[in-house]
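One structure is given below, encoded as C-alpha cells.
The values are calculated or read from the model by the stated rules, or taken from the named source; none is laboratory data. Just so you know, these numbers come straight off a predicted model, no measurement behind them. Glycine also receives a Cβ, built like all others from the backbone with ideal geometry; neighbour counts cover every protein chain displayed.
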C-alpha cells in the first residue's frame with residue numbers, strides 16, 4: 001500500500017541538500033540579519049554589530065555575496081569566521097550558495113564602524 005502523503009509532505013532525507021521554496025527567497029537584508037549569529041571569538045560580539053559586514057547581495061539564482069572585512073588583515077580567526085558565515089546562511093530559504101568577499105579598503109575602524117552597543121562593550125565610549 002502506498003503512503004497517501006504527497007511528495008511535498010514527505011520528510012526531508014537526512015543529508016539532503018536544502019531545496020529552494022518557489023516564491024520564497026531570502027533577501028540581502030535577511031542574510032545580513034542572519035549574520036548576527038556569527039560571533040568574533042576574540043571580541044565576543046557579532047560581526048554585524050562590529051561593523052565587519054560591508055554589504056550583502058543576493059542574485060535571482062539564490063547566490064549570495066557577503067562583502068566583509070576582518071579586524072586585521074592577518075586575523076587568525078578569518079577562516080573560522082568565513083565558515084560561520086556559511087553556516088549561518090546556508091539554510092535560509094532560496095539561498096543556493098554564499099561567497100565571502102574579503103575587503104580591506106576601507107580598513108576596519110571600530111570607532112566609526114561598530115554599533116553604539118558594540119562600542120560600549122569594547123570600552124570605546
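Just one of (1) loosely packed, with under 14 Cβ neighbours inside 10 Å; (2) over 14 Å from the mean Cα position of the chain (by Cα); (3) modelled with pLDDT of 95 or more fails for residue 80. It is (2).
Quick check: anything in region 96-103 assigned to a helix (DSSP H, G or I), out of contact with any strand residue (DSSP E or B) (no Cβ under 6 Å at 6 or more places or on another chain) and at pLDDT 95 or above? Within region 96-103 (the criterion being assigned to a helix (DSSP H, G or I), out of contact with any strand residue (DSSP E or B) (no Cβ under 6 Å at 6 or more places or on another chain) and at pLDDT 95 or above), the answer is no, since none of the residues qualifies.
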